[in-house]
Amino acid sequence: MLERLAGHWTWTGQQANIGAENSPYGQAGRFVGSGDSRLIMDGQFILDKYQEKSPEGNLMHGISLISYDPVKKCFVARDCMSDGSTSIAEITIDGRVRKDHITITSKTGETLLARVAGEYSPDWKRLEQTWEGSTDNGASWKHWCTAVFEKPDGPVSDEQELIRLQQEWSRAEVAGDVRTVDRLLADEYVITTSDGRSMPKAEYLRGAASEDTRSIAMSVEGTKVQLYGDMALAKGIVKWTEPGGKKHENLFSETWQKRDGRWQCLATHESEVEQTVDSAQLSPEMKKLEGFVGTWEYEGEQVDPPIAGLPFGGAGTFSGAVTNRFILDGSFMESTIEDKSPGGLTRTVQLTGYDPKTRRYVLETFMSDGTREHAVQTVSPDGRVWTSQSTMTSGTGEQALLRNVATFSPDRSKLTSVVDVSTDGGQTWKHWFTSRDKKVDH
């Protein structure tokens, strides 16, 4: 089912004014949008990046993470939007009939409820929906909007093919599949790296073949393609991790040419991504998170968890790296984590925002084994001690409560986290693990 939901979607609709003054979707009128959804974390989640133009002409960007909840037996979508709003949707699909129950929290803390009914076409490439909204916590409902979502059909365009080839390239690099990389690169290929060094094809292929130098993880995001006959210019962001764990994020521009009916890359130029969120853009609450921004390495020790099925395995030592950055105009902080524990390698994506109504930070966490975690967090007046309480749900439905006390060193270069766990609703607590973090890159 997640595969059916993934892909490139466009939508349009007409909405009414239901009295939700701070709705992230604007007021009455026509709206349009588009989004790209892809499976991540070994198929456990969908990552959806989208944009929507409101009836007033305002452009809103959003990120949604969608997974299946084995406890509630429904799909759950958690959205973060560029104006600071968030939403949680519980989605059921029976046959081709889809129903959504959505709770939207505006940037200023108001709650807006939505209930949505729709049906997919037999080929799963069209969805028609009718929305109702409530501004009084469900006491009354009003018609809100109708919307039609479509997954464009037809032959694959050159733009789509080039985006697909870049994904194939990144997978081949990580797998050491030199034959595929060789096929995608023209004989005269050359890459100019972010430090100004030029590397011809033969040298590049040697790096892709060597376990000592080839990337252990790589992804390509936000690709835009411009076509000029049989030539094309592709731009985007490439992220990769070195064998030693160091992470990189570069802007790239590539020149491609169509030869004998297939595209080959002639040249790549990379440059380091500059921080796009200025400190002056941040709200006072998000500014308190600046101490976390950057790359951290950590290590620690854990005991056996109180119940089977929780992530990270049994007792032993663990280590890893986490990179934190502001996204969506500074309304949220994104954390990407790679953790090596007795249970193996776990990859994690975490989104942190601020709820002005409860005056607490809200964290949504998604792990590659299917585990999800919802946390609320507070900070001490001096900004050094961060305390969070969360509910963790494993990929097979086991649940536990966690509390985490994280303390910065006086110079903010180190962070110690102590995590306790409870399986009886918080009546009793047991120590689970201690993590010691050190900032290695600002």
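The values are calculated or read from the model by the stated rules, or taken from the named source; none is laboratory data. All values derive from a computational prediction rather than experimental measurement. Because the Cβ atoms are built from the backbone with ideal geometry, glycine has one as well, and the counts that use them run over all protein chains shown. The protein model used for the area step is the full one, side chains on, heavy atoms only, and it has no ligands, DNA or RNA in it. Shrake-Rupley method; radii C 1.70, N 1.55, O 1.52, S 1.80 Å.
Values as computed for the structure displayed
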| read-out | value |
| --- | --- |
| Under Karplus coefficients 6.51, -1.76 and 1.60, residue-wise ³J(HN,Hα) of segment 324-331 in Hz, glycine/proline x | 10, 8, 7, 9, 6, 6, x, 6 |
| Anchor Lys258: aspartates and glutamates whose Cα lies under 18 Å away (excluding residues fewer than 8 positions away in-chain) | Asp158, Glu159, Glu161, Glu168, Asp182, Asp187, Glu188, Asp230 |
| Of Lys201/Lys235; Lys201/Lys439; Lys340/Lys414; Lys239/Lys430; Lys151/Lys340; Lys201/Lys247, pairs whose Cα-Cα distance is over 29 Å | Lys201/Lys439; Lys239/Lys430; Lys151/Lys340 |
| Vicinal HN-Hα couplings computed from phi for segment 351-359 (Karplus, 6.51 cos²θ - 1.76 cosθ + 1.60; Hz; Gly/Pro x) | 10, 10, x, 10, 9, x, 6, 8, 6 |
| Shape of the chain, Cα gyration tensor, a/c cut at 1.5 | oblate |
| Reachable aspartates and glutamates, given that their alpha-carbon falls under 15 Å from the alpha-carbon of Lys125 and they are not under 8 places away in the same chain | Glu3, Asp36, Glu150, Asp153 |
| Per DSSP, loop trypsin sites (Lys or Arg not before Pro) in segment 344-376 with at most 10 further Cβ within 10 Å | Arg359 |
| Heavy atoms of Lys99: accessible area, 1.4 Å probe, square angstrom to 10 | 110 |
| Relative contact order (%) - criterion: Cα under 8 Å, at least six apart; region: segment 101-227 | 16 |
| Accessible surface ranking that places the most exposed of His374, His269 first, with a 1.4 angstrom probe | His269, His374 |
| Amide proton proximity set for Asp304, modelled H, under 5 Å, gap of 5+ | Ala315 |
| Those chymotrypsin sites (Phe, Trp or Tyr not before Pro) in segment 267-333 that DSSP places in a loop and that have at most 13 other beta carbons within 10 Å | none |
| Solvent-accessible surface (1.4 angstrom probe) belonging to Ile237, in square angstrom, nearest 10 | 40 |
| Accessible surface, per residue, of the chain when the full set of protein chains is kept, probe 1.4 Å, Å² | 49 |
| Three-way shape call for segment 205-327 based on the alpha-carbon gyration tensor, with the a/c threshold at 1.5 | oblate |
| Phi to ³J(HN,Hα) by Karplus 6.51 cos²θ - 1.76 cosθ + 1.60 over segment 99-107, Hz, x for Gly, Pro | 10, 10, 10, 10, 10, 10, 10, 6, 4 |
| Accessible surface of the chain, 1.4 Å probe, proportion on carbon and sulfur as whole % | 49 |
| Solvent exposure, largest accessible area first (probe 1.4 Å, DNA, RNA and ligands not counted), of Glu334, Glu272, Glu56 | Glu272, Glu56, Glu334 |
| Anchor Lys357: lysines whose Cα lies under 21 Å away (excluding residues fewer than 8 positions away in-chain) | Lys107, Lys287, Lys288 |
| Accessible area in the full protein assembly, largest first, 1.4 Å probe, for Phe31, Phe149 | Phe149, Phe31 |
| Solvent-accessible surface (1.4 angstrom probe) belonging to Ile104, in square angstrom, nearest 10 | 0 |
